[in-house]
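Participant: Below is a structure I'd like to ask you about.
The values are calculated or read from the model by the stated rules, or taken from the named source; none is laboratory data. Quick caveat: nothing in here was measured; it's all calculated off a predicted structure. Here the Cβ positions follow ideal geometry from the backbone for every residue, glycine too, while neighbour counts run over all protein chains shown. The area values use the complete protein model at the heavy-atom level, side chains included, leaving out ligands, DNA and RNA. Shrake-Rupley method; radii C 1.70, N 1.55, O 1.52, S 1.80 Å.
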Amino acid sequence: MLFEQAQALFPGGVNSPVRAFGAVGGTPRFMVRGEGSRVYDADGNGYIDYVGSWGPLVLGHAHPRVVEAIERAAAAGTSFGAPNPYEIELAEAIMSAMPFIERLRFVSSGTEACMSALRLARAFTGRDMILKIAGCYHGHGDSLLVNAGSGSITFGVPSSAGVPAALAELTVVVPYNDTEAIERAFAAAPDKIACCIIEPMAANMGLVLPQPGYLQALVDIAHRRGALVIFDEVITGFRVARGGAQALYGIAPDLTCLGKIIGAGLPVGAFGGRADVMKRLAPEGDVYQAGTLSGNPLAMAAGAACLRELSQSGVYERLETLGARLEAGLRTAIDELGLRAQIHRQGSVFTLFFNAQPVRDLKSVLASDAKAYARLFHFALDRGVSLAPSAFEVGFISLAHSPADIDDTIDVLAAALKSTPVQAATA
Ligand code: PMP
């Protein structure tokens, strides 16, 4: 009913495409309330939630400290269009966790952060081309909505209508985990590539982890060729570790993009990094970037409250324990059934690939059985477990999930894996 109304109002009935259930079929649930690990739909059904608003809700839904911070900030005014003290509090919390961020700018989404970081890298290097990795998503800025055809190096073809071919040609796309392809891309366009942008752990083609040495090699090649490295940690920042993937691997990018957790569910993004690069940004420098709601007090207060919670000892250990519990339970079910499925997990982020082969790049990701995932998804949703509505998105565990939530989820997913429709395609 609500979806019918929405279809008359919004293209596809939604305001962001993946919510439409296009990849899994069926009708999206309209969510009206969240509390801790649970979301509730407009018909009153509750779900153990692993979407977590696509990553921001590491504390769970409606965390009391976050709600309180938003209420307090809102009561004092929703926006000033002038600097406010919450910006400083949140920036200091970010920079204390991510020492490679020497200067920072807040924006209102991950898309904006990545778009702006690209502009900055282009200005700083005086180069126009960029190198991105197939299967990594950096928001919907024109230069970044470019995919590779097959083959190792493909000069960009737009993956959305409306992206000018002339712009797409400036984006080179190479496979994830392929150092040679990066070398070849730079060799094919000497002194032309401004930056490499990458999700240090790819989490937009399911979760695909970097092979040992890959990220450092990418940084080394880029720097040798005079290009900057942008780590897009919109998902991984404050998620896989307080300091993100760069802390986990001990690698220094030139610029970092953030979003999601730093806004605790309110619209926030940020980009930052080397002071000599960031000082090119207006008003200090000549690279224009601005936003009416950038540094919005509600969003800053929410983010600061969230990062305060995350600075307590033991939180990442707790996320790891919950993640390991889910992984072990699913692995047991998969092994008992002899299924061709694999679990990738880093802390509280996980993906189940219906794939017999190791998954290490977009090509191997796409060899997975997305139809089997769609059946698993619906089986789980009907039994009160909400997974991402696409085989190629990750699941997120929050600090509000209890061991009992995880065990209930294992029971539901193990039953799904045993059910004939899911197994048919995978055994
Ligand atoms: N980068 C990454 C790694 C993302 O996962 C996303 C969104 N899922 C973005 C950028 C874009 O962020 P937003 O949707 O806030 O524009």
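Participant: Would you mind classifying region 77-310 by shape? Square roots of the alpha carbon gyration tensor eigenvalues, ordered a ≥ b ≥ c; an a/c under 1.5 is rounded, otherwise it is prolate if a/b is larger than b/c and oblate if not. Mind dumping the intermediate values first?
Facilitator: Values: a/c = 1.76, a/b = 1.52, b/c = 1.16.
Taking the square roots of the gyration eigenvalues as a ≥ b ≥ c, region 77-310 is prolate.
Participant: Then there is this: Hey, can you rank 302-310, 178-186, 212-220 by average C-beta count inside 10 Å, highest first? Walk me through the numbers on the way to the answer.
Facilitator: Values: 302-310: 23.2, 178-186: 19.3, 212-220: 16.7.
So the order, starting with the most tightly packed, is 302-310, 178-186, 212-220.
Participant: Counting only protein heavy atoms and using a 1.4 Å probe, what share of the accessible area of the chain belongs to carbon plus sulfur, as a whole percent? Please list the in-between numbers first.
Facilitator: Details: 9430 of 17470 Å².
That fraction is 54 percent.
Participant: Before anything else, pin down the relative contact order of region 113-252: Cα pairs under 8 Å, at least 6 apart, normalised by residue count, whole percent.
Facilitator: Working: 243 pairs, mean separation 33.6, N = 140.
Computed value for region 113-252: 24 percent relative contact order.
Participant: Given R₀ = 35 Å, FRET efficiency for Arg224-Gln357 by Cβ-Cβ distance, to 0.05?
Facilitator: Values: r = 33 Å, r/R0 = 0.93.
With a Förster radius of 35 Å, E is 0.60.
Participant: So what is the accessible area of the chain per residue, in Å², with the probe set to 1.4 Å?
Facilitator: Values: 17470 Å² over 427 residues.
Accessible area per residue, the chain: 41 Å².
Participant: Sequence gap of 8 or more, or different chains, plus Cα separation below 18 Å: how many lysine pairs satisfy both in the chain?
Facilitator: Values: Lys132/Lys192; Lys132/Lys363; Lys363/Lys371; Lys371/Lys418.
Final tally of qualifying lysine pairs is 4.
Participant: Given the whole protein assembly as supplied and a 1.4 Å probe, what does the accessible area of Met115 come to in Å², nearest 10?
Facilitator: The accessible area comes out at roughly 80 Å².
Participant: In nm, what is the difference between 0.36 nm times the number of residues separating Thr78 and Asn45 and their Cα-Cα distance?
Facilitator: Values: separation 33, 0.36 × 33 = 11.88 nm, distance 3.25 nm.
Roughly 8.6 nm would be gained on extension.
Participant: Could you sort 263-269, 359-365 so that the peptide with the highest average Cβ count within 10 Å comes first and the rest follow in order? Kindly include the intermediate steps, with their values, before the conclusion.
Facilitator: Working: 263-269: 24.9, 359-365: 20.7.
Result, highest mean Cβ count within 10 Å first: 263-269, 359-365.
Participant: Pick from Asn204, Asn45, Asn296: which is most flexible by mean-square fluctuation in a GNM of the chain where alpha carbon atoms under 10 Å apart are linked?
Facilitator: Asn45
Participant: Also, quick follow-up: Can you pull the one-decimal nm distance between simple spin-label points at Glu35 and Leu2, each 7 Å off the Cα toward Cβ?
Facilitator: Inter-label distance under the simple model: 1.7 nm.
Participant: Here is a further query. Divide by every residue of the chain the summed helix terms, -39500 (n - 2.57) for each DSSP H run of at least 4, and state the resulting mean residue ellipticity at 222 nm, rounded to the nearest 500 deg cm²/dmol.
Facilitator: Working: 15 runs with 160 residues, N = 427.
About -11000 deg cm²/dmol.
Participant: Can you figure out the FRET efficiency of Leu248 with Arg383, using R₀ = 35 Å and their beta-carbon distance, to the nearest 0.05? All intermediate terms of the calculation are to be shown ahead of the outcome.
Facilitator: Working: r = 34 Å, r/R0 = 0.97.
Using R0 = 35 Å, I get an efficiency of 0.55.
Participant: When only Cα pairs under 8 Å and 6 or more residues apart are kept, what is the percent relative contact order across region 1-59? Spell out each step's value before the answer.
Facilitator: Details: 49 pairs, mean separation 10.2, N = 59.
Averaging sequence separation for qualifying contacts and normalising by length gives 17 percent for region 1-59.
Participant: I've got another one for you. Tell me, what ³J(HN,Hα) does each residue in region 26-35 have, in order and in whole Hz, if you take phi through Karplus 6.51 cos²θ - 1.76 cosθ + 1.60 with θ = phi - 60° and put x for Gly and Pro?
Facilitator: These are the phi-based 3J(HN,Hα) values: x, 10, x, 7, 8, 8, 10, 7, x, 8 Hz.
Participant: Contour minus end-to-end for Thr420 and Ser313, with contour as 0.36 nm per residue of separation and end-to-end as the Cα-Cα distance? Kindly include the intermediate steps, with their values, before the conclusion.
Facilitator: On the way: separation 107, 0.36 × 107 = 38.52 nm, distance 4.39 nm.
Difference between extended and current length: 34.1 nm.
Participant: Right, another one. Determine the relative contact order of region 305-427: mean sequence separation of Cα pairs under 8 Å and six or more apart, normalised by residue count, in whole percent. Let's see the in-between values first.
Facilitator: Working: 154 pairs, mean separation 37.6, N = 123.
Normalised by residue count, the contact order of region 305-427 is 31 percent.
Participant: Also, I was wondering about something else. Using amide H atoms built in the peptide plane, which far-off residues or other-chain residues are under 5 Å from Cys195 H to H?
Facilitator: Correct list: Leu131, Leu228.
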